[in-house]
Amino acid sequence: MANNSYSGVKNSIVEANHDGDFGCSLKELRSLMELRGAEGLNKIGESYGDVHGLCNRLKTSPTDGLSGQPADIEKRKTVFGQNFIPPKKPKTFLQLVWEALQDVTLIILEVAAVVSLGLSFYRPQDAEREDCGKAAGGGEDEHEAEAGWIEGAAILLSVICVVLVTAFNDWSKEKQFRGLQSRIEQEQKFTVVRGGQVIQIPVAEIVVGDVAQIKYGDLLPADGLLIQGNDLKIDESSLTGESDHVKKTQEKDLMLLSGTHVMEGSGKMVVTAVGVNSQTGIIFTLLGAAEDEDDDDEDEKKKEKEEKKKQRKNKKQDGSIENRKKAKAQDGAAMEMQPLNSDEGGDAEEKKKANLPKKEKSVLQGKLTKLAVQIGKAGLVMSAITVIILVVLFVLNTFWIQNLPWVKACTPIYIQFFVKFFIIGVTVLVVAVPEGLPLAVTISLAYSVKKMMKDNNLVRHLDACETMGNATAICSDKTGTLTMNRMTVVQAYVAEKHYKKVPDPENIPASILDFLILGIAVNCAYTTKIMPPEKEGGLPRQVGNKTECALLGFSTDLKRDYQTIRNEIPEEKLHKVYTFNSVRKSMSTVLKMADGSYRMFSKGASEILLKKCYKILTASGESKVFRPRDRDDMVKKVIEPMASEGLRTICLAYRDFSVTDGEPDWDNENDILTGLTCICVVGIEDPVRPEVPDAIRKCQRAGITVRMVTGDNINTARAIASKCGILQPGDDFLCLEGKEFNRRIRNEKGEIEQERIDKIWPKLRVLARSSPTDKHTLVKGIIDSTVSEQRQVVAVTGDGTNDGPALKKADVGFAMGIAGTDVAKEASDIILTDDNFSSIVKAVMWGRNVYDSISKFLQFQLTVNVVAVIVAFTGACITQDSPLKAVQMLWVNLIMDTFASLALATEPPTEALLFRKPYGRNKPLISRTMMKNILGQGVYQLVIIFTLLFAGEKMFDVDSGRNAPLRAPPSEHYTIVFNTFVLMQLFNEINARKIHGERNVFDGIFNNPIFCSIVFGTFVIQIIIVQFGGKPFSCVALSIDHWLWCTFLGFGSLLWGQVISSIPTSRLKFLKTAGHGTQKEEIPDEELEELDDMDEIDHAERELRRGQILWFRGLNRIQTQMDVVSAFQSGTSFQGALRRQASNSSQQQHDIRVVNAFRSSISLYEGLEKPESRTSIHNFMTHPEFRIEDSEPHIPLIDDTDAEDDAPTKRNSASSRNASPAPPSPAGAAPPSPGPTLNAASPNQNNNAVESSNHLLPETTKAGDHSVPGSPLHSLETSL
C-alpha cells in the first residue's frame, strides 16, 4: 500500500481533541473498534486513509514498532490506559471469620455457652438447703459461686480459637492463590516488535501503538488492526457467538478483537485499545467487574477510568443499565470470566470447589460428609439419653427415695441442676461430632497444594489434588510430556542417500543444499528462531514451533546461516503463505522470483507430501520422475525404518510456476499443492525424557494404566511407547490409528456405542493420528464405562487449544505450563509448570497422601470421640456428673482436634504410597485394620479410666471426687482422671501415624517437624492446665508422683498398640468397615427416581432424609441460603440472571451481544466456563475449536452449571417440582422438554447453536441425566 496515501486526507479532517498530541483520541479508537468488517474499513479510509495512516497518527512504525523508550510507553499508558482489567476485591479476614462461624456444631456450642453464661449469673436466694435434698448439698462459698460463669466463657473462648484457626487457614489459602495467579500472569507473554527488535513482553505491558506478532493458538490480549496477515483465521465466537472462523485480510476485514482466538495463520497487528477499553474490557465493565475498584493510590487513574466508564455508559447503555445494576447487585458476577490477567484466580474458585460437586462431590468429601452425619446422629442420641437419664435419676433420688416435697423456694436450685445436666448433654454431643474433619481436609489439601508447587504442579482446583490419588488411568500426550520437546534432525534422506546421522555439507550437491537452506529459511514461521544458550555450555534455546526449530538447527548443522536469507527476504516480501493447520498437515510459502516466475516451498508430514511429489532431486542435483512405485519403495526403505526408531518424518519439497502460465489462482489449493519436487526427507528425533520410563514404571506398579494419545504417525508412536515402557514386549495391547478407532466404536449409523468402546479401551495403549474429538471420545468412554467394578478415574494431559473438551471431561485435566496454549490452561485443573510426565506421578503421590492423612486423623479422632462419649455417658449415669467437665472436654475435643489435624494432615508423602493399587471410589474411609486399632485402643483407655474413676481414690489415696455437690471445688481424683485421659490421647496420636498395621510407628517421625512440635506443645499446655488451670478447668495441681503414674498409663497405649498389631485382622471377621460412599443398592427405589435427575447423590442429604433430624435441616437451610447468596456473589448464577434480563429488556443488538458473549463465554479467559461447573459443556457448541463433530451424544445445550448447588437446595427444588409442575426456571433448570430450554438459553434466536439444535434435540433430552434441577436462582426462590 502506498505510504503517502494518507497525507492528503490527514489535513482535511481536523481533530478537535488530540489526547496528549497523538493524532487520535481514546474515544475515537474505541468507537472505531466497535465497527465490524466493511464499516470499519470505510471508517479507517475516511479518517486515516489506511492502517499505515493510523500508525503514523499513533506515532508507531508498521515494521519497527514503537521505539520502546520508557517515557513514551508511560505516556501511552496515561493517555490510552493499561492493558489490565481490575480484579475483584479479596474476601476480608472478617468475612472469612463469619463464614467459619456458619458451622453447625459451633452454632450449637455457642447457644449452649450463652445459656450456661446466662444461668451462671442467675442467683437463687439461699433456700434452706437441707430441704432441697442431699444432692444440692453445701460446699458453696461466695468465691466459688462467682466462678460459675467461667465454664460458659471458656466454651466461647474455645469456639473463638477454632473459628480463628479456620479463618486464618482460609485467608492464607486465598493469599496463596492470589500469589499463584500473579505467577500465572507473569508467565503470560506476548510477542511485539519494539525498535525493530522482536521481543516478548508480559501481556499487561502492551500499550496502544505496539506492533504485535500473532500466530496460531494465541489468545489476543488487546484490540488491534491487521497490518499484514498470512491466511489468518480468527474464532470470534467468544464475542459474537458466531462459530464460523472469520477470515481476516487487509481488503475485507482487519478488525482484531481481544479475547478472540487465532485458529490458523499468522500476521502482525497494531494495537488500538487495551484493558478496560478493549472489547472484552468493555463487556467486563458492563458486568461490573471493574465497578468496585480498590481505593489505592491510583486515584487519578481511577478518575480517568470513571470518566471512561461514564462515556461508555452514555454511549452504550440503552437497555443494559438494569442489567448492570442487577449484575452489580450480585456482587461482581464477573467472577465467571475473570480474564487471565486480573489478579483474581483460583481463590474464589477454590472456595467453591471445596463445597461444590464436580461430576459428583469429590469422593472424599462425600464419604466424610456421610460419616460425619452418622457420627453426629449417634452423638445426638447419646447426648439425649444422657440428659434424660440424669434428669430421671435426679428426680427419683430427690422426690422418691428421699421422699421430699417440691418446695417453691427450691425451684431455682432444681433448675440449676437441670441446666447442668443440659450442659453435660451438649458436651457429649460436642465431643461426638468430629468437627476437626473438615478442618483436617482443608489443612491437608492446602498443605499439599503448597508443597505441590515445589513439585511443579500448579493446582487450580483444590479437589483435583485428592482425585489424583484415586486415578486409575492417565491419557498422556507424547510431544513435550513424555518427550523433551527439543526436536533435532538426526537422519536425512537427501540426494538418493539415507544418512543415519546429519551429513557433512561437502557430501551434498551444492544446488540441492541451496534449495534446502532457502526452503527451510523462508518456509518456517519468522517467529521461530534458534537463540544462543542462556548459560555457557548449555543447549541453544529453541523459540517458537519446535519442529521448525529442528529444521533451522539442521541448516545450522550444515554450516549455513538461515538468518542472512531472512534478512534478504523479509516477511513482507513473501508472496503468499499457506500456514500449517491440522487439516493441511503441511505449510507452504510462495516467493516471487526476479524474472516474474513463482517458486513455492512446502514442508509437511512425509506420507502426505510424498503423495503430491512427482519428481525427486538426484545425486547430480537434477530432478527425475518419482513414480508411485518409487514412493512405496521409499516408504519401506526410508520412512518406516525412521518411524520405527521413533523419529518424526518431514518431507521438504518445492515447485516452480513458470512465467508463461501467468499468475496461478492461489485460492485453489488443490491445484497449487501438487506436482511437487521432493528435496529431502528428514527424521526428527524428540528424545524421551530420561525420567519418564521410571515414572511410568511407578504408575504401572501403583495400578495406573498409562495410555499415549498422539497426533503422530503410528510407527513413531509405537516406538516411543516402547521406549517409555507403555508397551512391553510380548504384551497383547492395542495400538490404533484415529480412523481405525472411530471405525470400531461406531455402529452402522455412525453413532458411538458405549459397548463398542468397552471392547477396546481396556487393551488400548496407543492412539495415533488422533483428532481432539477422538481424545474426548476416549476419555468419555473410559469414564462412562461400567466394565470394571470400580468407575475409572481418568487424568488427561493436553496442551493445544483443541484439547479443551478432553481436559474438561477428564476427572483431572493437566495442562502444559510451557507449551500449553491459554485455552488449554483455562480448561485444566492442574498446570504442569515443567511439562514433565514425572510431575504427574508426584501428583498421584500427593493425592494418595491426602487420603491417608485423613484416615490417620480419623483413626485418632474417633478413638478420642468413642472414649470421651462413653466416659461422659456412663459417668453421668452412675455418678450423676460427667467425670470430664465441659471445658476439659472442649480442650480435649476442639484443641486436640485442631492440633492433631495439623499434625497428622501434614505428614510428607513417601514412595511407599506408590506400592499399592488405587483405593477406588467405594473404598471405606475406615478399613478393618483401622477399626481394629480404634476399638483396641478404646478398650484400653476405657479400662484405665473406669479403674481410676471407681478405684482411683484408694489407689492414690486422695479424696473421692464422685457425687460432689453442685459447684463443688475441683478434686485431685478427677484431675488425675482428666490428665491420664489426655496423656493417653497424646501417645495414641503417635500410634495413629500408621494405618496399615505397620509395627514401627516412629518411622520417619522426625521428617515431620510440625508433628513433633505439636505433640510436644500439647504436652506443655497440658502441664500448664493441670498445674495452674484451677477452677476454670476444674483442676488441682498434682504431685510429681501422680504425674509419673499418669504418664506411665499414657505410655501404655503405645505398648498396647504393639499388642493390637499382632492380632491378624483377617481373624476378626466381626469388624465392620465404615465411611463408604453410598452404594446404589442401598437407596430405596422411590428415592432413586428422584435422584435420577441429579448429577450426584448427596450422601449427607440421604442420611438426613432417613433420620429427618429437624434441627440439622433447619441449620442446613440457613447454610444453604448463605451458600446461595455466596454463590450469587461469586457469580455462579449470573448467567441465569442475565438471560432473564436479556429476554425482558428490549432486545437490542448490544444486549444480545453481551449475553451471547456469556453464553459462549468470554471466559475463554476464565476457564471456558465457571470454575465450579466442570460438568458444563457450556460452550463447546459455540466454540469452534470445540465443535465436537460426528453425532456426539450427551452434549446438552444448557449448562449443567446447576449441578453445583448444595444438598438442601436440591431437595427444595426437587420437592417444588414434585408439588407442582414448575415452569422451566430462567437458568434452564432441566425442564421436562428440551424446547423451552433452548429458548431460555438463547435470547438471540439467530445463534448458531440454536440453528444446529435440530439434530441435538434428542441429545438434549438425554441430557437429563447430566443436568440437575435447582440452579441457585431456582433454589433461592423455593427456599425463600
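The values are calculated or read from the model by the stated rules, or taken from the named source; none is laboratory data. For clarity, every value in this text was computed on a predicted model and none was experimentally measured. For neighbour counting, all protein chains shown are included, and Cβ atoms are generated from backbone atoms with ideal geometry for every residue, glycine included. The protein model used for the area step is the full one, side chains on, heavy atoms only, and it has no ligands, DNA or RNA in it. Shrake-Rupley method; radii C 1.70, N 1.55, O 1.52, S 1.80 Å.
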Query - Residue count for region 794-812, restricted to those that are touching a residue at least 24 places away in the same chain (Cβ under 8 Å) and touching a strand residue (DSSP E or B) at 6+ places or on another chain (Cβ under 7 Å) - result: 11
Report task. Filter region 791-819 down to the residues that are assigned to a loop (DSSP other than H, G, I, E, B) and within 20 Å of K454 (Cβ to Cβ), then identify the one that is least open to solvent (accessible area, probe 1.4 Å). Result -> G817
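Which helices (runs of 4 or more DSSP H) does region 661-727 wholly contain that include 3 or more residues that are at pLDDT 90 or above? Working first, answer last.
Details: elements: 669-672, 692-701, 714-724.
Those helices (runs of 4 or more DSSP H) span 692-701, 714-724.
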**Report entry** Pairs with Cβ under 9 Å, 6+ apart, first in region 935-948 and without any contact (Cβ under 8 Å) to a residue 12 or more places away in the chain, second part of a helix (DSSP H, G or I)
**Finding:** V939/W1056; T947/M955
**Report entry** Matching residues in region 80-96 - criterion: being buried (at least 18 other Cβ atoms within 10 Å of the Cβ) and assigned to a helix (DSSP H, G or I)
**Finding:** F80, L96
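Residue-wise test of (1) at pLDDT below 75; (2) outside any helix (DSSP H, G or I); (3) under 51 Å from the mean Cα position of the chain (by Cα).
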{"site": "E360", "(1), (2), (3)": "yes, yes, yes"}
{"site": "V381", "(1), (2), (3)": "no, no, yes"}
{"site": "V391", "(1), (2), (3)": "no, no, no"}
{"site": "N403", "(1), (2), (3)": "no, yes, no"}
{"site": "I423", "(1), (2), (3)": "yes, no, yes"}
Report task. Would you check if D21 is modelled with pLDDT of 85 or more, open to solvent by 20 Å² or more (accessible area, probe 1.4 Å) and charged (D, E, K, R)? Result -> no
**Report entry** Subset of region 1051-1096 [touching a Pro at 6+ places or on another chain (Cβ under 7 Å) and either of a type in the set (S, T, N, Q) or at pLDDT 75 or above (or both)]
**Finding:** T1073
Query raised in the report: From the list G750, G711, which residue is on the phi > 0 side of the Ramachandran plot, small (G, A, S) and open to solvent by 10 Å² or more (accessible area, probe 1.4 Å)?
Result: G750
Query raised in the report: What number goes with the only condition from (1) at pLDDT 90 or above; (2) open to solvent by 10 Å² or more (accessible area, probe 1.4 Å); (3) assigned to a loop (DSSP other than H, G, I, E, B) that C524 does not pass?
Result: (2)
Report summary line: For region 612-628, the count of residues that are hydroxyl-bearing (S, T, Y), open to solvent by 70 Å² or more (accessible area, probe 1.4 Å) and at pLDDT 90 or above equals 1
Query - Number of the exception - A594 against (1) more than 28 Å from V490 (Cβ to Cβ); (2) open to solvent by less than 40 Å² (accessible area, probe 1.4 Å); (3) free of Cβ contacts under 8 Å to residues at least 60 places away in the same chain - result: (2)
Report summary line: Turns out the strands (runs of 3 or more DSSP E) fully within region 450-508 with at least 1 residues that are open to solvent by less than 20 Å² (accessible area, probe 1.4 Å) and out of contact with any His (no Cβ under 7 Å at 6 or more places or on another chain) are 457-459, 473-476, 488-494
**Report entry** Selection within region 365-397 - open to solvent by less than 40 Å² (accessible area, probe 1.4 Å) and not β-branched (V, I, T)
**Finding:** G366, K367, L368, K370, L371, A372, G376, G379, S383, L390, F394
Report task. Could you please let me know if Y414 is open to solvent by 40 Å² or more (accessible area, probe 1.4 Å), out of contact with any Gly (no Cβ under 7 Å at 6 or more places or on another chain) and either of a type in the set (S, T, Y) or more than 30 Å from A806 (Cβ to Cβ) (or both)? Result -> no
Report task. Residue by residue through region 263-282, note down the ones that are surrounded by fewer than 24 Cβ atoms within 10 Å (Cβ to Cβ) and either free of Cβ contacts under 8 Å to residues at least 24 places away in the same chain or under 26 Å from the mean Cα position of the chain (by Cα) (or both). Result -> M263
Report task. State all residues of region 1013-1039 that are closer than 15 Å to A903 by Cβ and either aliphatic (A, V, I, L, M) or in contact with a Pro (Cβ under 7 Å, 6 or more places away or on another chain) (or both); if no residue qualifies, say none. Result -> I1014, V1015, V1020, I1021
Report summary line: Selection from region 661-690 of residues in contact with a Gly (Cβ under 8 Å, 6 or more places away or on another chain) and free of Cβ contacts under 8 Å to residues at least 12 places away in the same chain yields none
Report summary line: Taking region 943-964 and keeping only residues that are out of contact with any Phe, Trp or Tyr (no Cβ under 9 Å at 6 or more places or on another chain) and surrounded by fewer than 16 Cβ atoms within 10 Å (Cβ to Cβ), one is left with V943, T947, F950, A951, K954, D957, D959, N963
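Output the residues belonging to region 973-1010 that are open to solvent by less than 60 Å² (accessible area, probe 1.4 Å) and either charged (D, E, K, R) or over 22 Å from C1046 (Cβ atoms) (or both). So that I can check it myself, show each step before the final result.
From region 973-1010, those open to solvent by less than 60 Å² (accessible area, probe 1.4 Å) are 973-995, 997, 1001, 1004-1005, 1008, 1010; that's our starting set.
Within region 973-1010, E989, R993, K994, I995, G997, G1004, I1005, N1008, I1010 meet the criteria.
Can you say whether I512 is within 27 Å of A819 (Cα to Cα) and touching a residue at least 12 places away in the same chain (Cβ under 8 Å), as far as the supplied structure shows? Before the answer, list the steps.
Details: within 27 Å of A819 (Cα to Cα): no; touching a residue at least 12 places away in the same chain (Cβ under 8 Å): yes.
Against the criterion (within 27 Å of A819 (Cα to Cα) and touching a residue at least 12 places away in the same chain (Cβ under 8 Å)), I512 does not qualify.
Select, from Q181, Q176, Q228, Q186, the only residue that is modelled with pLDDT under 70, in contact with a helix residue (DSSP H, G or I) (Cβ under 7 Å, 6 or more places away or on another chain) and open to solvent by 20 Å² or more (accessible area, probe 1.4 Å).
Numbers: Q181 fails: open to solvent by 20 Å² or more (accessible area, probe 1.4 Å); Q228 fails: modelled with pLDDT under 70; Q186 fails: in contact with a helix residue (DSSP H, G or I) (Cβ under 7 Å, 6 or more places away or on another chain).
Being modelled with pLDDT under 70, in contact with a helix residue (DSSP H, G or I) (Cβ under 7 Å, 6 or more places away or on another chain) and open to solvent by 20 Å² or more (accessible area, probe 1.4 Å) holds for just one of Q181, Q176, Q228, Q186, which is Q176.
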Report summary line: (1) at pLDDT below 90; (2) open to solvent by 20 Å² or more (accessible area, probe 1.4 Å); (3) closer than 29 Å to V583 by Cβ; (4) not β-branched (V, I, T) all hold for S788 apart from (3)
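Restrict the check to region 554-561 and report whether at least one residue is within 35 Å of the chain's Cα centre (by Cα) and either free of Cβ contacts under 8 Å to residues at least 12 places away in the same chain or not in a loop (DSSP other than H, G, I, E, B) (or both). So that I can check it myself, show each step before the final result.
Just the residues of region 554-561 that are within 35 Å of the chain's Cα centre (by Cα), to begin with: none.
No; the residues of region 554-561 include none that is within 35 Å of the chain's Cα centre (by Cα) and either free of Cβ contacts under 8 Å to residues at least 12 places away in the same chain or not in a loop (DSSP other than H, G, I, E, B) (or both).
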Requested in this report: Run V1026 past the list (1) within 16 Å of F987 (Cα to Cα); (2) in contact with a Leu (Cβ under 7 Å, 6 or more places away or on another chain) and report the number of the one that doesn't hold.
Outcome: (1)
**Report entry** Residue in region 597-643 that is nearest to L676 (Cα to Cα), counting only those that are in contact (Cβ under 8 Å) with a residue 40 or more places away in the chain, charged (D, E, K, R) and in a helix (DSSP H, G or I)
**Finding:** K612
Query - Matching residues, region 862-884, being in contact with a Leu (Cβ under 7 Å, 6 or more places away or on another chain) and open to solvent by less than 10 Å² (accessible area, probe 1.4 Å) - result: V867, A868, V871, A872, G875, A876, P883
